[in-house]
Amino acid sequence: MTILRTLAGAATLAVLGGALAAQTPTFFRIGTGGAGGTYFPIGGTIANAISAPPGSRPCDEGGQCGVPNLIAIAQSTTASVFNVAAVQNGELEAGLAAADIVHDSYHGTGKFEGKAHEKLRVVANLYPEDLHLVMPAGTKIDSFADLEGKRVGIAQAGSGTQVAVLTMMEGWGITRDNIEEAELNNSQSAERLADGQLDAYFYAAGWPVAAMVQLASTKGMALHSFTDEDLKKINDLVPAYIPSTIPAGVYEGIDTEIKTPAVSALLVMSADLDEELVYGITKAMWNENSRKLLDNGHAKGKQVTVETALDGIDSLDVPLHPGAEKFYREIGMLD
């Protein structure tokens, strides 16, 4: 009898062990940006959408409709430049990054000369990031040239905004040498502007940007609206930045449409990730449950759609991840 009980107990443990092994979670890190920007909330929504932790209810029973046993985590980072490097080096499984940074880092051009990030793979185009040139309420400038000698926030080191803005300003003769630069994230820049320690700052993000919403409703702010000629010049300098608009009323006190350049935000992953895992993640991103999460989260989530997921990808000359490619082919978006 004792032997039988021992064997029965061993069998039970074996079954439980197998069930626990089948429930072993896979952790998946998504690099985003600062908490006051747009990458962080959008990355958090994507993380929620693709997750289905061990023990969670099945999708068809009202549970999360993500990848079984996947736990995705949105990590706050310094944004694009950091994220592409971390994906390349295996420190992150995925990241959000601006299209120009993805292009240059993959090909080893521009700031990344001689440092090609060959493991980068695109999973989806997400939404346009509009460049905000923020100034104190009532302030106006004619062009970048008027920033000479001013205290200017150029975004944090490791951000795509800083790389692009430095290139843009050079077209008007503005460099680190003739401004008083400040390398700050979006929230820090808004605080410094409110305290009178900055004359202007740049940040590229999907509107509305939380830190700017707060700034506009407390101290007030102004946004520079670019001329069509300046937008054309910016596009020549940084081709990934195309003309866009921030609608009137997005920020309190700004009642006119703002013309500004914008760059696409992309979701990138490592080529080292298993094809079936990325296929499952891509499929989960675009299911009906994820649509609800995106529509009810950050305002920019409504612009994250499967219909625009491949917009502009061909011109980047950066490969899709095979898992993502499999999904888009399956639903007829690729031949």
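For region 121-159, give me each residue that is in a helix (DSSP H, G or I) and aromatic (Phe, Trp, Tyr).
Correct list: Phe144 only.
Give the number of residues within region 304-335 that are in contact (Cβ under 8 Å) with a residue 24 or more places away in the chain, open to solvent by less than 70 Å² (accessible area, probe 1.4 Å), in a helix (DSSP H, G or I) and not aliphatic (A, V, I, L, M).
5
Name the single residue that is modelled with the lowest pLDDT among those in region 22-50 being farther than 14 Å from Leu96 by Cα and open to solvent by less than 20 Å² (accessible area, probe 1.4 Å).
Applying the filter and picking the extreme gives Gly36.
Is at least one residue of region 225-232 more than 30 Å from Phe28 (Cβ to Cβ), surrounded by 14 or more Cβ atoms within 10 Å (Cβ to Cβ) and of a type in the set (A, V, I, L, M)?
yes
The rows are residues; the columns are (1) of a type in the set (D, E, K, R); (2) without any contact (Cβ under 8 Å) to a residue 60 or more places away in the chain.
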site	(1), (2)
Arg29	yes, no
Asn48	no, no
Gly55	no, yes
Gly63	no, yes
Val67	no, no
Leu96	no, no
Thr109	no, yes
Ala116	no, yes
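Let's see how each residue does on (1) of a type outside the set (Lys, Arg); (2) in contact with a His (Cβ under 9 Å, 6 or more places away or on another chain); (3) modelled with pLDDT under 95; (4) in a helix (DSSP H, G or I):
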site	(1), (2), (3), (4)
Gly63	yes, no, yes, no
Ile73	yes, no, no, no
Val81	yes, no, no, yes
Glu91	yes, no, no, no
Leu96	yes, no, no, no
Tyr106	yes, yes, no, yes
Lys115	no, no, no, no
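Which is more than 20 Å from Ser159 (Cα to Cα), surrounded by fewer than 17 Cβ atoms within 10 Å (Cβ to Cβ) and hydrophobic (A, V, I, L, M, F, W, C), of Ala216, Ala248, Ala222?
Checking each option against the conditions leaves just Ala248.
The values are calculated or read from the model by the stated rules, or taken from the named source; none is laboratory data. Since we're looking at a predicted model, the values are computed, not measured. Cβ: placed from backbone, ideal geometry, glycine included. Neighbour counts: every protein chain shown. Surface accessibility is based on the protein's heavy atoms, side chains included, excluding ligands, DNA and RNA. Shrake-Rupley method; radii C 1.70, N 1.55, O 1.52, S 1.80 Å.
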